[in-house]
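Data block below; observations after.
Nothing in this text is a laboratory measurement; each read-out follows from the coordinates by a stated rule. The structure displayed is predicted, hence computed values, not measured ones. In this analysis, Cβ positions are derived from the backbone assuming ideal geometry, glycine residues included, and neighbour counts consider all displayed protein chains.
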Amino acid sequence: MSPTETPPRRVAIACQGGGSHTAFTAGVLDRLLSEDEVEYDIVGFSGTSGGAICAFAAWFGLASEGRDKGRAKSRRLLAQIWDDLEADGVFDTMVNAISVSTVRAQGFGIPLPAVSPYATPGSDWGRTVLRETLEDAIGPDELASVVNRSEPVPPRLDIGAVDVQRGSFRSFTERDVSYDAVLASAAVPNLFQAAPVTQPDGTTRYYWDGLFSQNPPLENLFSRAPGRLDPPDELWIVQINPQREESIPTDLEAIADRRNELGGNLSVNQELEFIRQLNEWHATGALEDVYQPIEVKTINLDESVPSPDRRFDYATKLDRSPRFLELLWDHGRAQAERFLATERDRRHVRETVEATWTTDRRATIDEWVRPSYEAHFPTSLVNLRNYLRDDPSEGPGTFDLEDVLEFRALLQQAVPDLAVEVEEMVAQPNAVATRWKGTGTHTGTFLGIEPTEDTVTISGMRIDHLRDGRLAESWLLLEQWSLLRQLNVAETATPVSTTSRMAATPVVTELSAPAENEELTRSLVTDVWNNGRREYLDAVVGDNEVMYLDGQNDLVGPEAYWEFVSNYREAFPDLKLTIEDTVSEGDKIVVRKRLQGTHEGQVFGVDATGNRVDVTRMVIHHIDDGRIVETGMVEDTMGLLQQLEARPEVIEV
């Protein structure tokens, strides 16, 4: 933990259903519950079908024993339940093999007789086995003592099922959960009879599994209700069904598989899209007092990892063979480990950024920054100072930690009340991108610029690479030109891009994917910027895509974006953009680019010089439904003007 304690995040974990594949979920939960550096409090679980079984076991351990002992108990329950569910013995192994083979044959289109679960004893047998498994792990008296408590029971629990006759969704909570409720959530219609659950008024209703409605339940985790703990700050989804498919399924088996996957993801995608929209409305001030933004992260089952030579078709969701379940469990633990490492990196970068702007938190910086740390400033304050003095010499571009802290001191001397906030973070293994913004009053001298007593905003972006959880290398860009404009030092007739006016929205994963985001970005750079192909732009940016400009009207839509590109291509006919680095997560991607070209046309009011330029820019894109919808960009404007040997119109230095 950091020397400066920060409150742990309140996290809810939602477990998607998927039959035997949810052994992956059990492995994920096992790793999350074994985390030594506890940087989060698990305050809620939800689940459907097999995910409900996992959520129920994990919830009961924490609810009955509390946070510390409860984690160990939850892990024991998960291991016991999944050990009991394995196909064990000659008869059970034979039944498992027949079930998998039958479903797979039906997927191939082989005409086999379909048998109703009401016409075979297998349905009752399966339900009995599952009930006994749950009761052996969690005794009836133990369950009743937890459910019947009068005080709030941490964490929350929501188990999803659908009323067969009424067609309505039902969420069983920590206040009314029962074995019948878990069996109802696991009642797959073609395998089990509708599961009866007795209502508080004594009537009985019948349920199928919640795959038909919410898989997994999300909405109830964030609703406030009397007698329940406060909602979480963050949602982690354990997702079983693949979100994307590279090829179009054409044979019957592949069609059935993809149909099952889409059906399992339909409800969660709708809810995630709604969450993203609410986050955007909140960021613009529309829901500021009635809604708390939600960050959503996903731990995915990657079918290519646990068994590269074996396809995960629909039939494998019925496979209870010990080796298969063990593969899934181990893969779940591995994916959770990867997820936790990324979360630790995200936290360490956030704490380092915040500590950098707080003079009394040097210990935090030393803890999370490696001794060999290097920071790359394409245009540093040294270069800015030389530029303002009309000094053509270039300062260094790479600095150590002490240099970075010295730059901070210079800015804080000019703006003593500077308050810096992290606006957005995008993380992937061993890399974190940050968009930050600071506001304060210019009451001190800054590089010879006298105080203006004006409120100024300083914005920037950075990409940090980490080794073993500590910052090893950073690339940083500061919106220096914007700062000079606010200090009444320089002006240009050409608008400059900015990130300072972007809405600060949390990441919502699974609405897009890192590979898809990178492909989109590469098409924008290669096809549009480098090759000047206007026809590609409509496939890359949305109809109402916004690029934010500093103090000017923003660029809205493909045509405005194309005009922006054209201006650069006219100024630099041999323009070449190169992607140097990317960090992608969910619906966001941050890109560090290198811009090179020969200055043969006007740019920023500077006529052609014939000079070669080589500068850096950083861009953050917000993505929705496979299109870029928002763009914030930090351009190294000072570096560009220096290389053009063009001095700004200096008002007062």
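Annotations for the structure displayed:
- The packing ranking, built from the mean of other Cβ atoms within 10 Å per residue, places the peptides 458-464, 328-334 in the order 458-464, 328-334, highest first.
- For the stretch 592-647 versus the stretch 38-103, the inter-centroid distance based on Cα atoms is 53 Å.
- Computed over the chain, the per-residue total of -39500 (n - 2.57) for DSSP H runs of n ≥ 4 gives a 222 nm mean residue ellipticity of -11500 deg cm²/dmol, rounded to 500.
- By the count of neighbouring beta-carbon atoms within 10 Å, fewest first, Tyr206, Tyr118, Tyr40 end up ordered Tyr118, Tyr206, Tyr40.
- Positive-pole candidate from Val177, Trp329, Leu555, dipole of the chain, charges at beta carbon: Val177
- Scalar couplings 3J(HN,Hα) for the stretch 89-95, obtained by applying the Karplus form with A = 6.51, B = -1.76, C = 1.60 to θ = phi - 60°, are x, 5, 5, 5, 5, 5, 4 Hz; x denotes Gly and Pro.
- With a Förster radius of 51 Å applied to the beta-carbon distance between Glu535 and Asn148, the computed FRET efficiency rounds to 0.20.
- Other-chain or far-sequence residues with amide H under 5 Å of Asn611's (modelled H): His599
- Förster radius 51 Å - calculated FRET efficiency between Ala504 and Val115, Cβ distance, rounded to 0.05: 0.40
- With kT/(6 pi eta Rh) evaluated at 25 °C and eta = 0.890 mPa s, and Rh the Kirkwood radius from Cα pairs, the chain diffuses with a coefficient of 90 µm²/s according to Stokes-Einstein.
- Taken along its three principal axes, the alpha carbon spread of the stretch 350-644 comes to 52, 45, 33 Å, from the longest extent down to the shortest.
- Note on Asp625 and Glu570: the extension gain reaches 16.6 nm, defined as 0.36 nm multiplied by sequence separation minus the Cα-Cα distance.
- Student exercise, the chain dipole from Lys, Arg, Asp, Glu Cβ charges, in Debye to nearest 20: 1280
- Between the amide H of Tyr548 and those of Thr498, Thr631, Met633, distances stay under 5 Å, these residues lying 5 or more places away or on another chain, with hydrogens modeled in the peptide plane.
- Taking θ as phi - 60° and the Karplus parameters 6.51, -1.76 and 1.60, the scalar couplings of the stretch 439-444 work out to 9, x, 10, 7, 10, x Hz in sequence order, x denoting glycine and proline.
- Projected label distance in nm at Asn430 and Thr204, using a 7 Å step from Cα toward the beta-carbon: 5.9
- Considering only beta bridges that DSSP places wholly inside the chain, some 70 percent are antiparallel.
- The chain: Lys pairs at Cα distance under 27 angstrom, eight or more positions apart or on different chains: 11
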